[in-house]
Structures are given as structure tokens and as C-alpha cells.
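To start, the structure under review is shown below, and the notes come after it.
The values are calculated or read from the model by the stated rules, or taken from the named source; none is laboratory data. None of these values were measured; they are calculated from a predicted model. Because the Cβ atoms are built from the backbone with ideal geometry, glycine has one as well, and the counts that use them run over all protein chains shown. Ligands, DNA and RNA are excluded from the accessible area calculation, which covers all protein heavy atoms including side chains. Shrake-Rupley method; radii C 1.70, N 1.55, O 1.52, S 1.80 Å.
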Amino acid sequence: MLDNTNGADRTRLLTWARALAILCLCLPSAFPALGQDAPRVVEAFGPFKIIGNIYYVGDKGNAVYLITTPEGHILFDTGYPETAPIVRQSVEKLGFQMRDIKIMINGHAHVDHVGGHALVKEMTGATIVASELDAPVIESGARRGDFRGPRANPWSPAKVDRIIRDGETVSLGGVTLTAHHTPGHTLGNLSWTTIIDDGGRRLNVTIMPSIGVNEGVRVFNNPANPTIAEQYRSTFRKLKTLPCDVFLSPHGRHYGLEEKYARLQAAAAQNPFIDPAGCRKYVEDAEARFMKQLEDERRAAR
Ligand SMILES: [Zn+2]
């Protein structure tokens, strides 16, 4: 019983208690917590032709686009590792071949968009193109390069074959896609633009970036990414200048995929994916949410 403890025992107990407290305080920095990603949910969806030479071959939550050309194809994103078999099934169901995919591009290096890169690379042998700042994340399977820190569930790394910079292009079989550096959500986040021929009509396609702020990420005074607020601001400015008739992004929920798909199936008079107003609203809404978060964090820091 503690009441009967003599002086020497009490001193020993206090020393142990102090040592334990110091250990507890030190542990978090000795073993930093690994970042948790959202649970992986993968459900088949489509596949279907969106417009022109662009097809949806992703899972329901994570978009993957096949952009076809007479000389082979370009693939945007690969989803989770678990999405890769869906991509294969979708591409083949549409009558195309995986081995004809020559180039793999991406939006940003989070597991739900590039987690399937290593598997799709094995299936296709395609050239992997990525931004300079997101390439280390892809090449390490999220063990490094993510400003949020290493992830708790890393995926198979994939070697990046070509680094693409702001304004540079990827071309194949008469199709050209331009990369736009739009950081914030990740350091090397990219948006892509191209022009398609829709029955004689030229349309600007923009694959918008993910521009939400991830759960737990601070936009004010973030020591892990000190310029994050300026990154977001410059990204919003740039996105407003991109011509956007056909509005796409890495997640279908950003642009009403399911509802637009249903309208397309019902033979809508105009292709519902032509949505310049939706494109503008996507950027404006994200900017408003960002500004509110920035203001809230600023106020809380006063
Ligand atoms: Zn993301």
C-alpha cells in the first residue's frame, strides 16, 4: 500500500513516474505517426465514352480516363491498386488493348490516383509521366515526398520515366495534352488541357485538379508546407484562365459523374459533360471554402 511506503520507496516511485512521463513526451517525435488515408472503396462503374476520343475507365469514386489516338493511347490516373483490374476490364470491354496504352499521366500523387501505377505499368509498359514534385511520392509509394508525411499504407512504387513541367506537353497520334502546375493539394499537382473534335466541333477539355484541402491540413502557418496558401491562391488564379468546355477531374463527385452519365445514357440533346458553368463553379466553390478555412485558422491564431 502506498500509505506504508517509506521515504526511499517514494523517491524511487517518483523517479520512475518522471522517467515514464519523459518517455511518453518523447515517443511521438521518436516515432512520428504515419498519415492515415481514407479507407479504400472500389466499385466498378461504366466503362463508357465521355466525348470525342475520351473514355471513362475508372472505378466509381476515382476517375481514370483513356484518351485514344490512332498510334496508341494515353491513360490519365490509375486509381487505387485495387482499381487496376477494373481499368483493364474497362479498356478491354470498350474494345481497346492495354498494350496500346503508351503514356500514363496523372493529376496528383495520392494513393487513390496513382496507387495503381505500378500494376498498370506492368500491364502496359507505358511511359510514366509525372511532375517533378510529385514524382518522389510515386517512386517511393508515398514513403516520401508528401508534405503530410509518409503514409501508413504505402503502395508499390513505380519509376517515373519523364518529368513534365508547367506548360509542357504530351503528344501521341495527333493528340496533345498540356500540363499546368496547380499546387496546393499536393506540391506537384497538375491540371491537363486538350482539344477534341466532337463531330466537327472543337471543344476545350480540362481535367481540373483536386483542389480541396485534405482533412487535417492547415493552410495558415503550416511548417510542413510554408507556402501552401500562396500555392492555392496562384492555382485558383490559373484555373480561372483555362478554357473549359468539357469539365473533368480526378473524382467523379467533383463534376456530377453519375448524374451526367445517366443523362448521357438517356440520349440528352447535348452531351452533359459539356459544362463550362460547372467548371467555373467548381473553382469558385473551392476557392470560397479555402478562403473560409484560411480566415478561420488566422482568427484562431490571434
Ligand atoms: Zn488527393
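Relative to the longest principal axis of the Cα atoms of the chain, helix 7-30 runs at roughly 10 degrees. Amide H to amide H, with H built 1.01 Å from N, residue 128 comes under 5 Å of 104, 161, 162, counting only residues 5 or more places away or on other chains.
From the Kirkwood radius over Cα pairs of the stretch 111-194, Stokes-Einstein at 4 °C and 1.567 mPa s returns a whole-number translational diffusion coefficient of 97 µm²/s. First compute the accessible area of the chain with a 1.4 Å probe, then give the percent of it belonging to carbon and sulfur atoms. The nonpolar share, carbon plus sulfur, comes to 55 percent.
Diffusion coefficient of the stretch 256-302 by Stokes-Einstein, Kirkwood radius over Cα pairs, 20 °C, 1.002 mPa s: 165 µm²/s. Pairs from the list 102/159; 49/281; 60/121; 121/238; 60/281 with a Cα-Cα gap above 26 Å: 121/238.
Here the chain has an Rg and Dmax of 23.4, 94 Å, counting Cα atoms alone. Over the chain, accessible surface divided per residue gives 49 Å², non-protein components excluded, 1.4 Å probe. Placing a label point 7 Å from the Cα of residue 71 along the Cα-to-Cβ direction, no residue of the stretch 103-128 has its backbone N under 11 Å from that point.
Within the listed set 60, 102, 281, the residue fluctuating most in the Gaussian network model of the chain (springs between alpha-carbon atoms under 10 angstrom) is 281. The simple spin-label model puts a point 7 Å past each Cα toward its Cβ; for residue 265 and residue 237 those points are separated by 4.4 nm. For residue 37, the amide hydrogen comes within under 5 Å of the amide hydrogens of 152, 153, counting only partners 5 or more places away or on other chains and with H modelled in the peptide plane. To the nearest ten degrees, helix 276-301 and the longest principal axis of the Cα atoms of the chain are 10 degrees apart. With the simple spin-label model, which puts each label point 7 Å out from Cα in the Cβ direction, the residue 34 to residue 215 separation comes to 1.7 nm. Between residue 152 and residue 43, the FRET efficiency from the beta-carbon distance, with R0 = 25 Å, is close to 0.65.
So for the stretch 139-226, averaging the separation of alpha carbon pairs under 8 Å that are six or more residues apart and normalising by length, what relative contact order in percent results?
Averaging sequence separation for qualifying contacts and normalising by length gives 19 percent for the stretch 139-226.
Specify whether the C-alpha gyration tensor of the stretch 151-294 places it in the rounded, prolate or oblate class, a ≥ b ≥ c being the square roots of the eigenvalues: rounded for a/c under 1.5, otherwise prolate if a/b is larger than b/c and oblate if not. Prolate.
Helix-only arithmetic for the chain: the sum of -39500 (n - 2.57) across DSSP H runs with n ≥ 4, divided by the residue total, places the mean residue ellipticity at 222 nm at -10500 deg cm²/dmol.
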